[in-house]
Structure formats: structure tokens, C-alpha cells
């Protein structure tokens, strides 16, 4: 079986759209989806939280 690798960024939740593949009507294919890890959101702090986090000597 020939493998074709396609990498995409998801534009709409729960949907993947593939086109222009070298496949024909009636041909059977296997589809495997590998998900990348989502980046962790950056932590944000208020000025008060930053000031409270500083220890003064």
C-alpha cells in the first residue's frame, strides 16, 4: 500500500478536508490521523500578582 503524507492546520473544530489526492472512485484507503500536542497557554499575571510574587530582602 502506498503512503501519502499530508499535514494541515485545522480550520474548523472536528473537521478535516482532504482533496487532490491520487485516488479513484471505488478504491479503498486507510486513513490515520496523528494529532500534534496543543501548545500550553502562556501564563499572564496582573501587576498585583507580579508585585506579590517578588520577595524583598
Going by the conditions given, is residue 53 within 23 Å of the chain's Cα centre (by Cα) and surrounded by fewer than 10 Cβ atoms within 10 Å (Cβ to Cβ)?
no
Among residues of segment 8-28, those that are free of Cβ contacts under 8 Å to residues at least 12 places away in the same chain and surrounded by 10 or more Cβ atoms within 10 Å (Cβ to Cβ), counted:
2
Which one of these is outside any loop (DSSP other than H, G, I, E, B) and either within 19 Å of the chain's Cα centre (by Cα) or exposed (fewer than 10 other Cβ atoms within 10 Å of the Cβ) (or both): 5, 48?
48
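No value in this document is a laboratory result; all are computed from the given coordinates. No experiment lies behind these values; they were computed from the predicted model shown. Every residue, glycine among them, receives a Cβ derived from its backbone with ideal geometry; neighbour counts consider all protein chains shown.
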